[in-house]
Amino acid sequence: MNNLAYSTQDPQKLAPKVEELLRKELASAGPIGYEVEDAGAGETGARSMLKDAGAYLFGGNTTRLLTIHFHITQPRSADLDVHMNRQGVGSYAGSLVYSTVTSKRMAGEVSFGDDGRFAGDATAAGKLNASKDLLKKCNAFAVKEGGLTGFEVKFPRLFKIAPSDNGTQIVGATTARSKSMGFSATFSSKEFFELVSLVEATL
């Protein structure tokens, strides 16, 4: 079973399991390249578990264990940061941050706000806000809270489109989500790539 919640905090065990699930979701023909960044939060024992319990019962920030930086090549070139959070002596996937670059250029930056609309460069925001389908899909993807069943997280909404040296960069954050009654999980990769295609077609 691979549901992105694990009974270990060992990066050497975690990263291959996460990569395997991502590879299956993307139907990748081969392994997906990645690097692991240790957040230095690997302490376990009574103190850390009490902190986790307090965060669960009374609210508070999650404690990041590590970040796995994936380099996706199909269906298009993109990067994905999977933030693994510490829970007791185990860990689980929390926020996911996708980034890709399109060849279409734009003049200024826009971002998707809590009101469910884009703001920033007037021309770009006007085009994006005119697409009800795009706004609906963006609202569903760029969540402010959610996650795996029993491991919900909260964070600021993030979906930004900005000029870059090679065209336009699109960055969006979402959460890992449970499926199959909690026996598996999804990275919402299909939703992200659909959003990117919609943005390209709209701008």
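The values are calculated or read from the model by the stated rules, or taken from the named source; none is laboratory data. Just so you know, these numbers come straight off a predicted model, no measurement behind them. Note that we place each Cβ from the backbone using ideal geometry, even for glycine, and neighbour counts take in every protein chain shown.
The figures follow:
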{"item": "Any hit, the range 110-121, residues being modelled with pLDDT of 95 or more, farther than 18 Å from Ala173 by Cα and small (Gly, Ala, Ser)", "result": "yes"}
{"item": "Where Gly30 falls short, out of the listed (1) small (Gly, Ala, Ser); (2) out of contact with any helix residue (DSSP H, G or I) (no Cβ under 7 Å at 6 or more places or on another chain); (3) modelled with pLDDT under 90", "result": "(3)"}
